[in-house]
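The values are calculated or read from the model by the stated rules, or taken from the named source; none is laboratory data. All values reported here derive from a predicted model rather than from experimental measurement. Heads up, the Cβs are rebuilt from the backbone with ideal geometry, glycines too, and the neighbour counts pull from every protein chain shown. Side chains are part of the model used for accessible areas, which takes the heavy atoms of the whole protein and leaves out ligands, DNA and RNA. Shrake-Rupley method; radii C 1.70, N 1.55, O 1.52, S 1.80 Å.
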Amino acid sequence: MWYAGPDMRVAPDTAEHGRVSHHPIDVALPQHVEAALTTYLASRRASGEAMDPSFASAVDALSDFVLGGGKRIRPTYAWWGWRAAGGDPGGELADEVLTAVSSLELIQACALIHDDLMDASSVRRGKPTVHIAFGERHREQGWLGSPERFGMSAAVLIGDVALAWADDMLFAAGLPSEVLRRMSEPWRDMRTEMLAGQYLDVLTQARGDSSPDAALRIDRLKTAAYTVERPLHMGAAMAGGSPELIDGLRAFGADIGVAFQLRDDLLGVFGDPEVTGKPAGDDLAEGKRTLLVALGMQFGADILDIALGKPDLDLGTVEQVRRALVDVGAVDAVEERIEELTKSALAALDDAPVAEPAATKLADLAISSTKRAF
């Protein structure tokens, strides 16, 4: 391993400045999100089975995907956006807000299932991706036609189900109409931005555009908007946050979201497969034009011309790429950009009228989201 990520030992529920959040939902938010998703998906499975038992197996695959991993980052930022605007976890709307923010995990499921298909990824979280698993199911059953085509079709449809059910879960959460009206703008814009970023990613790879500007535009739309910025916006809007607060949270979220993706890009090349759940160098094999790759090419890491987009990339070549990215300074440049973005995000957070304990919690999340150890 040629690069070791920075150490990160921030306790998840202990604020850096000495304030500790004691409300049960605040302290165990991922578990509460998990419970909300489990309840919702179980209810939808029952209705799916009533339509046709065969559809229930597709619902099971979606449920396994959603409940089988993930840090619940998007619901976490949405919840703390709500808390930042004065949302009360002990108030009468807390359960409804929790259900609403949990629906973001279904948006994430749609994005990942489709992303794996478009990238021809075979592994996600250490398991076969959805299109691979359904292709294998077709093969085992001896069905007619192409197993690969069936797997791809199933993945498209299961991802679409996730996107549709995200809307269903949100609007069935029981929020008052005024609250739904306030959060409809960030919800609408977030979904479009995510899809626009995904298209831009596909287009950039097709064009072979390896410029740093193109990589950062994709990061801004495909990751930052729907991972941090819009969930914060959504949460704050539900609580009736002021324009000043929302602007500050969005500025914070945009920068942290890009920094988060840049850290993920480093993991995609240098991460341990047992930690990332994906093969070593998977991003390289997929030909992803990340900022790390763009800077590596710009700085003269010629090995990328051979390795990028090579499906049968071997570990020896991956190690050569790692060494080259370190040697030419691309890794240091990405680390510097992460540090700059984190600092600017925290400055925006400091300037915004954020209620405690959200201000402290969001600062901690900024660190934990961008400084993940390999």
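Side notes on the structure shown:
- Segment 23-175: C-alpha pair distances exceeding 19 Å, %: 55 percent
- Average Cα contact separation per residue, segment 218-301, under 8 Å, 6 or more apart, as relative contact order %: 27 percent
- Compactness index (Cα Rg / 2.2 N^0.38 Å), segment 163-279: 1.22
- Qualifying lysines (Cα of each under 27 Å from Cα of LYS310; at least 8 residues distant if same chain): LYS127, LYS222, LYS278, LYS288
- Charge context of LEU200, other residues only, Cβ under 9 angstrom, K/R +1, D/E -1: +1
- Projected-area average for the chain over all orientations - Cα convex hull basis, square nanometres: 18.5 nm²
- A straight line joining the Cα centroids of segment 209-241 and segment 106-121 runs 17 Å.
- Across the chain, Cα pairs under 8 Å and at least six residues apart give a relative contact order of 23 percent.
- Given +1 at the Cβ of Lys and Arg, -1 at the Cβ of Asp and Glu and no other charges, the dipole of the chain around its Cα centre is 340 debye to the nearest 20.
- Only protein atoms count toward the accessible area here, which uses a 1.4 Å probe; on the chain, the carbon and sulfur part of that area reaches 54 percent.
- Restricted to Cα atoms, segment 241-344 shows a radius of gyration and a Dmax of 15.8, 54 angstrom.
- For ASP64, net neighbour charge (Lys/Arg +1, Asp/Glu -1) across residues whose Cβ lies under 12 Å away: +3
- 11 Å beta-carbon shell around ASP351, net charge (K/R +1, D/E -1): -3
- Each 5 Å bin from 0 upward holds the following percent of the Cα-Cα pairs of segment 180-373: 1, 8, 15, 18, 18, 15, 10, 7, 4, 2, 0.
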